[in-house]
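The block underneath contains the structure these notes are about, expressed in structure tokens.
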Amino acid sequence: MTTAPLPDDSTLTSDGMLPSGEGRVLLIACGALAREILALKRLNGWDHIDLTCLPAILHNAPDRITDAVRDAVARHGKGYDRIAVVYADCGTGGHLQAACADLGVEMLAGPHCYAFFDGLDRFAERDEITAFYLTDFLARQFEAFVWKPLGLDRHPELLPMYFGHYETLVYLAQTDDPALTARAKACADRLGLAFERRFTGYGELATTLEQWAAA
């Protein structure tokens, strides 16, 4: 089975990624997780898994995620033995979980990707209310997800209003990439925050996909 080329980050942000139509298991994921899922797919030889991604920018409009997932199941789900949704709650207020239960599909546990990368129990124990988080994808797409949507490119004077209650930018690193670490550190400097890097790898994303791939 050939693997379709991964769209660039800008495309994953605005458009997502269509499935190849091959495989028995379909994963419907956030575009921000495409690189990690495809890396795990290659590493484990999961040729029976197919992937489609919704636009990652939906995270800036979480009220639209549930309907987008429903639509993806309806449009792409036919012909697969199993469908799983690679989203956590992601700000949907439990609506995505209810929709997945109604559709008969599984989804990731936890409130958001920061928690399942770090480990759900570990993340909850930290209870870091003054931390602002980045993942690999968000470090690469900081302008598109943070700086421009908040209007800081046009009104930098708003920075204290948005980030005055934060103390630290925590970079949850999926890969050991010095250039990406430097980029995340630059984001912390722009926001006026202390910087901390934690190498999480793929965290509970990997263990959950292993379970879905084996079932």
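The values are calculated or read from the model by the stated rules, or taken from the named source; none is laboratory data. Keep in mind that what you see is a predicted model, and the values were worked out from it rather than measured. Cβ placement follows ideal geometry from the backbone for every residue including glycine, while neighbour counts extend to all protein chains displayed. Calculation scope for accessible area: heavy atoms of the full protein, side chains included, ligands and nucleic acids excluded. Shrake-Rupley method; radii C 1.70, N 1.55, O 1.52, S 1.80 Å.
Quick notes on this structure:
- Two-site FRET efficiency, residue 148 against residue 176, from Cβ-Cβ distance with R₀ of 30 Å, rounded to 0.05: 0.60
- Label-to-label distance, nm, for residues given as residue 6 and residue 121 (7 Å Cα→Cβ offset): 3.0
- Take every Cα pair under 8 Å whose residues are at least 6 apart in sequence, average their separation, divide by the length of the range 40-180, and the relative contact order is 19 percent.
- Here the extension length gained between residue 71 and residue 190 equals 39.1 nm, from 0.36 nm per residue of separation less the Cα-Cα distance.
- Kyte-Doolittle mean at least 1.0 and Cα axial length at least 30 Å: DSSP H helices in the chain: none
- Cα-centred dipole magnitude for the range 19-123, charges only on beta-carbon of K, R (+1) and D, E (-1), debye, nearest 20: 220
- Accessible-area composition of the range 154-215, carbon plus sulfur, in percent [1.4 Å probe]: 55
- The range 72-169: trypsin sites (Lys or Arg not before Pro) falling in loop per DSSP and having at most 13 other Cβ within 10 Å: 78, 154
- Neighbours of residue 140 by Cβ distance under 11 Å: Lys/Arg scored +1, Asp/Glu scored -1, total -3.
- Proximity of backbone amide H atoms, modeled 1.01 Å from N, is registered between residue 134 and 170, 171, 172 at under 5 Å, excluding neighbours fewer than 5 places apart on the same chain.
- Considering only beta bridges that DSSP places wholly inside the range 4-109, some 5 percent are antiparallel.
- Per residue, in Å², the accessible surface of the range 64-167 once ligands and nucleic acids are set aside, probe 1.4 Å: 51
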